[in-house]
1. Can you find a residue that is away from chain D (no Cβ under 14 Å), at pLDDT 95 or above and not in a helix (DSSP H, G or I) anywhere in the stretch A:316-334?
2. Give me a count of the residues in the stretch B:140-194 that are part of a helix (DSSP H, G or I) and closer than 22 Å to residue B:281 by Cα.
3. Checking the condition farther than 30 Å from residue C:252 by Cβ, touching a residue at least 12 places away in the same chain (Cβ under 8 Å) and within 22 Å of the chain's Cα centre (by Cα), which residue from D:208, D:231 passes?
4. With B:272, B:237, B:255, B:228 as the choices, which residue is under 25 Å from residue D:290 (Cα atoms) and assigned by TED's automatic domain parsing to the domain that holds residue B:175?
5. How about the stretch C:290-306: which of its residues are under 27 Å from the mean Cα position of the chain (by Cα) and assigned to a loop (DSSP other than H, G, I, E, B)?
6. Being over 24 Å from residue D:196 (Cα atoms), in a loop (DSSP other than H, G, I, E, B), of a type outside the set (A, V, I, L, M) and without any contact (Cβ under 8 Å) to a residue 24 or more places away in the chain, is that true of even one residue in the stretch D:280-289?
7. Say we look at the stretch B:223-246 and pick out the residues that are more than 22 Å from residue A:159 (Cα to Cα) and touching a strand residue (DSSP E or B) at 6+ places or on another chain (Cβ under 7 Å); which of these is farthest from the other protein chains (Cβ to nearest Cβ)?
8. Tell me yes or no: at least one residue of the stretch D:262-281 is over 20 Å from the mean Cα position of the chain (by Cα) and within 30 Å of residue D:177 (Cβ to Cβ).
4 protein chains.
Amino acid sequence: MTEKPKLSIGLIGSGFMGKAHVFGFATAEKVFDLPMQIDLHTVADINDEAATRAAHEFGFRHATSDWRTMLANPEIDVIDITAPNALHKEMALEAIAAGKHVYCEKPLAPLAKDAAEMADAAEAAGIKTQVGFNYICNPMLTLAREMIAGGELGDIRGYRGLHAEDYMANADDPYTFRHDPAGGGALADLGSHSLATAEYLLGPIARVMGDCVTTISERPDGKGGRRAIEVDDIGRAFLRFENGASGSIEGNWIATGRKMQHDFEVYGSKGALCFSQERFNELHFYAADDAHGRRGFRRIEAAPDHAPYGNFCVAPGHQLGFNDLKAIEVAGYVRAIAGQGPEPFSFRKGLRIQHLVESIQRSSVSSSWINV
Amino acid sequence: MTEKPKLSIGLIGSGFMGKAHVFGFATAEKVFDLPMQIDLHTVADINDEAATRAAHEFGFRHATSDWRTMLANPEIDVIDITAPNALHKEMALEAIAAGKHVYCEKPLAPLAKDAAEMADAAEAAGIKTQVGFNYICNPMLTLAREMIAGGELGDIRGYRGLHAEDYMANADDPYTFRHDPAGGGALADLGSHSLATAEYLLGPIARVMGDCVTTISERPDGKGGRRAIEVDDIGRAFLRFENGASGSIEGNWIATGRKMQHDFEVYGSKGALCFSQERFNELHFYAADDAHGRRGFRRIEAAPDHAPYGNFCVAPGHQLGFNDLKAIEVAGYVRAIAGQGPEPFSFRKGLRIQHLVESIQRSSVSSSWINV
Amino acid sequence: MTEKPKLSIGLIGSGFMGKAHVFGFATAEKVFDLPMQIDLHTVADINDEAATRAAHEFGFRHATSDWRTMLANPEIDVIDITAPNALHKEMALEAIAAGKHVYCEKPLAPLAKDAAEMADAAEAAGIKTQVGFNYICNPMLTLAREMIAGGELGDIRGYRGLHAEDYMANADDPYTFRHDPAGGGALADLGSHSLATAEYLLGPIARVMGDCVTTISERPDGKGGRRAIEVDDIGRAFLRFENGASGSIEGNWIATGRKMQHDFEVYGSKGALCFSQERFNELHFYAADDAHGRRGFRRIEAAPDHAPYGNFCVAPGHQLGFNDLKAIEVAGYVRAIAGQGPEPFSFRKGLRIQHLVESIQRSSVSSSWINV
Amino acid sequence: MTEKPKLSIGLIGSGFMGKAHVFGFATAEKVFDLPMQIDLHTVADINDEAATRAAHEFGFRHATSDWRTMLANPEIDVIDITAPNALHKEMALEAIAAGKHVYCEKPLAPLAKDAAEMADAAEAAGIKTQVGFNYICNPMLTLAREMIAGGELGDIRGYRGLHAEDYMANADDPYTFRHDPAGGGALADLGSHSLATAEYLLGPIARVMGDCVTTISERPDGKGGRRAIEVDDIGRAFLRFENGASGSIEGNWIATGRKMQHDFEVYGSKGALCFSQERFNELHFYAADDAHGRRGFRRIEAAPDHAPYGNFCVAPGHQLGFNDLKAIEVAGYVRAIAGQGPEPFSFRKGLRIQHLVESIQRSSVSSSWINV
């Protein structure tokens, strides 16, 4: 057995998503026979102490309080950005300029025009990119996509997508960066996942009509005062797909009681699919050609039949967790870097999502259908 | 015990809904202590044979092939119309003119302007009216309405409603009266139920933005040819309620696999409700003030706590059926006729639904929000 | 059309089950084309006032405080017994002696030996009998039975049955007749339904091993004191069926939170079924020969495909209620009286259940398998 | 920050469970702040080629075809046994004799007497042991245990446990080591998990009554002939717990359609819990003191409130996977080795499960309750 080439990672940020990325790297390497060996090289955080602690906790060999030092280090192959959204553009552009591959958490950038610059720069530089839309890495979504593409549902007619949570439901919780008019709001934060899933399953959306609503009109500003909220708490859209189907999505971060309602239903002429991220190891399938009196939605449980589930568990019913989805995302990206496949969700695709989000926002203001 | 006054029914039509009405009358009388005694007097159908057979099967004392004879009969108190939609207006107006109370299946009339004429005539005549929006007669919906009105959910913020079935999913099924551009389409047929439920729960809708889509563009005309379809197979709307909440509904008759997806979710500042007609003896309730680590949607099962369930079953968990909902509708109407309560769903309310449907249809054409 | 012969009912008792029977009669007549016309002739209750009120409420033509007068009345064809269990035997034997058909709520009698006397007497007299095991009247159970009998599950191997509720869960609720050592207990009251369903689906049980447990060892006696409880709060059994399958059942009346957990799962060599009375308009079916990667339990919703659902609703998904099950029971019994079919659940079958219950109770005491 | 002491692992076996252990080690180290640094030192397999491949795939530094060489290596601290069950005893005893800590997949040994030898030897040697009963490492089971122990359900009265799968449902699948009369059968293989969960939640079982059934009486022997099967396909037991509750469990490997039905229901005087491994990030909780008309089973979703979920995901609703449960198991064991807590599931506990299994098997033969 020959030694695999090393792929050295420079991670920026060590919060929620930084941690999830590290789990993803660790698991991906164990679970998949990757073409490259992942090396957790350096982690950057806001100061030396935080960076050193993160390096220790996550298993990086080096720590730095200046992410730019990583760009200058020829040992590092990939810059992995899990810093605040507002910094994504600057970091990515510099990393691209330094010839690094760039892995960036969603959203690619708060604004589509910035995301476009990033995608253009990445393609011009010929480096490999990845944006973290992890829910589509679920084997049950891959199954759904294959069933749709393979004609098992017949002609696709109707779609309903949804991503609802409740982390902004408390009106007494203060203003955060997620409320920044530049890139903030439930549609951008959660609806973006719904849009990614919709296009993953059905292909391109052609037109959108938006309805973005600010429900909690002001919040504590964290300094004893109040601050007006401009971004949407609920963002809805009607959709037309290029394949002729129509549909709708909703992003909602004030859905009291919902923690992960990333759901969809797809209706075709021959069958239907129904899915909820709340039970994401299941896909419900209705086949219109089942025998009379025996028809019904089947609860398909994730199993080795549904790649790459079998890499994680050799028996059915054992279930993947959220971090496993991240490992699947990582694996796809590493293969792309090794030239063994397409980028699973490139900056170009991340830009597409930003474009859809902004189109829906503009449509909501203008009350008009917008071609996308 | 004094004898109850008799309430004599003249039924027009003996199909699906005619039958459901008869079951409703029979059950209502056994289950409730109604202020009047229901008398199945006469049934009218298209010819003598059909009428006689219906009378025999349903237990009416008389049969007629001419519904107008019932109007002239002073013994008959209520004209119950389950004839095709296109005839509702003519029948109802004549019945009102004859001084009869009128019970009419939904839709009140294919067009709102006709429904308005009917509502005006009924009110001018002082007779009692009822339109058959039976799903709102469910004790679990009454519970939901009470919980919302009583503040258990806090401020209401978001709503999602839905009524999807699949009886038009087969593109080879022929054109029917339900495809008639005057009053036809999924929004009118099914979305109307969603609208009725939405206003039943949250109060008046203030504005709508519609999206009505014809997916199956032509169908067999039943004579060997093809006929273009103009009405919507899927009708969606964004909603604004007068209470400040926003929401959406969808009516869909090509949702392969769905038989009765009359569902809703309501999100408030303090809690949420989730319901599906597919399991209509349950209401799912999330209380944000449950203890940390113990929160979750509660599956409340229908029980004597939830009036009028207890009239049907003295123990919890036994469940009501669809025909029981019809009996609850009948009971409310009989009480209204006896002066013991408001009309549960009067012609005025039936008109309201038609108005909402048409507003959504117009909004879909004009791509503009319409005040309703 | 010829006039149908009349079938006159004399009902004893007007409580929970008396009411359910009346609803059953009323609905059965509307819903089914019965061979006889049901006539609610006389209701008997403990005194004139109660009887008269019941007659008025339920629509009987006559009332009596002496049930024996009904036996002497040649107009009455059927004696319907919903009086306390302890009276079933005396009433039934006298009714049989008077040549009446007898419809008796479950249990047929507290003790099997009494039930045997009743079954023998009924058969000797040639009258038609019915015991009220209503849960098996569900079209979804009929479907399950047909699927099993038709080989859709292959060889039947394993069975789990259950009937759990919580109406005895409160230890402060007083001693009632249901705690009477003669015929009382959760196994007799609820487990009996599980046994009826088990044999309805799989055919005869051959052997049982019991485990009957008294959990709440004493209760208020209603007079300020305490009374020891001897009957089981939970009654379990291992089962062997004549078809070679093994299984288990449980009856439990202290299952806090459960209102109607009458559930079963059947596993065969080619498929499986899963059912809960909590959602009794559904049957879940797994077909082992579905395509790889597409297998899963299908949620079959009750529909006109599943007779006699179509008598109640002509469209799928509308759902039956508990009282509808009672109507199906009534219809089967009326047809049997008219000579148009077998008795759905005769006294002989009611005796069988009592025999099973007592065998399990004895087995629990002796810790030995008992052939049944 | 001081360097953590190293904990070097010597793994025997690289199949299904070997892989799961490696995933567990990798994830545990990333997710938890363990007191020791895990070092994947050597993997042993049946020949050099297999061992080398496993080392490469799993990230071990060394490989060997002779597991005994690992015992002699002073660098190795823990021997992790995922070899066939029949070898567990020999390997464990030698490892213990060599002073190693021993981590052994379940079952500890096919026979309780062998397991007892192993537990005795481990305790005498003072080394730390762990048996892989991973399902109890679920935060939702920890929550259930805490709720029960904390009195949230009141007095515990009834229990139903279950572990059903279908990997032996095909009668044409050949005889395997799992059919070996010494230690084989569904009760030992799957029912053992039910027993572990039962005691984890409710404390010690006091008495058992068994029912072990061989349903598929012979299988292909893999050499063209047939071989009789002696072990159970379904193993059931009635249970008495020391806390006074009664219950039942079932292990079943021919439950067509079931992939991971590791379920339980617990009923107490004040509440109830309901769980299914099919949706193992949920726990359903009924609180009898919820308000009238608002009671129902709550679907509690796994969240940071439920330690150690928060180590994996900082937001609720994201869900753990099967391999995460293994990581929790590993973490507990590493802490025990570091002297920071008790052994989560020691050989003594593993012996306990074997003892329960054999007691149920003997009880099934003798048809008598056995004290355990």
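The values are calculated or read from the model by the stated rules, or taken from the named source; none is laboratory data. Everything quoted here is computed from the prediction, not taken from an experiment. Every residue, glycine as well, gets a Cβ built from its backbone with ideal geometry; the counts of neighbours run over all protein chains shown.
1. Looking through the stretch A:316-334, none of the residues is away from chain D (no Cβ under 14 Å), at pLDDT 95 or above and not in a helix (DSSP H, G or I).
2. Here is the first cut: in the stretch B:140-194, the ones part of a helix (DSSP H, G or I) are B:140-149, B:177-179, B:186-194.
Those left that are additionally closer than 22 Å to residue B:281 by Cα: B:140-149, B:190-194.
Result for the stretch B:140-194: 15.
3. Working: D:208 fails: farther than 30 Å from residue C:252 by Cβ.
The unique qualifying residue is D:231.
4. Working: B:237 fails: under 25 Å from residue D:290 (Cα atoms); B:255 fails: under 25 Å from residue D:290 (Cα atoms); B:228 fails: under 25 Å from residue D:290 (Cα atoms).
On inspection, the qualifying residue turns out to be B:272.
5. Selection gives C:302, C:303, C:304, C:305, C:306.
6. Initial filter on the stretch D:280-289 (over 24 Å from residue D:196 (Cα atoms)): D:287-289.
Filter again for in a loop (DSSP other than H, G, I, E, B), leaving D:288-289.
If we keep only those that are of a type outside the set (A, V, I, L, M) as well, we get D:289.
Now narrow it down to the ones that are without any contact (Cβ under 8 Å) to a residue 24 or more places away in the chain: D:289.
Yes, because at least one residue in the stretch D:280-289 is over 24 Å from residue D:196 (Cα atoms), in a loop (DSSP other than H, G, I, E, B), of a type outside the set (A, V, I, L, M) and without any contact (Cβ under 8 Å) to a residue 24 or more places away in the chain.
7. From the stretch B:223-246, those more than 22 Å from residue A:159 (Cα to Cα) are B:223-228, B:240-245; that's our starting set.
Checking which are touching a strand residue (DSSP E or B) at 6+ places or on another chain (Cβ under 7 Å) leaves us with B:226-228, B:240-243, B:245.
Numbers: B:226: 17, B:227: 19, B:228: 17, B:240: 8, B:241: 11, B:242: 15, B:243: 12, B:245: 8 Å.
Among those residues, the one meeting the criterion is B:227.
8. No, the conditions are met nowhere in the stretch D:262-281.
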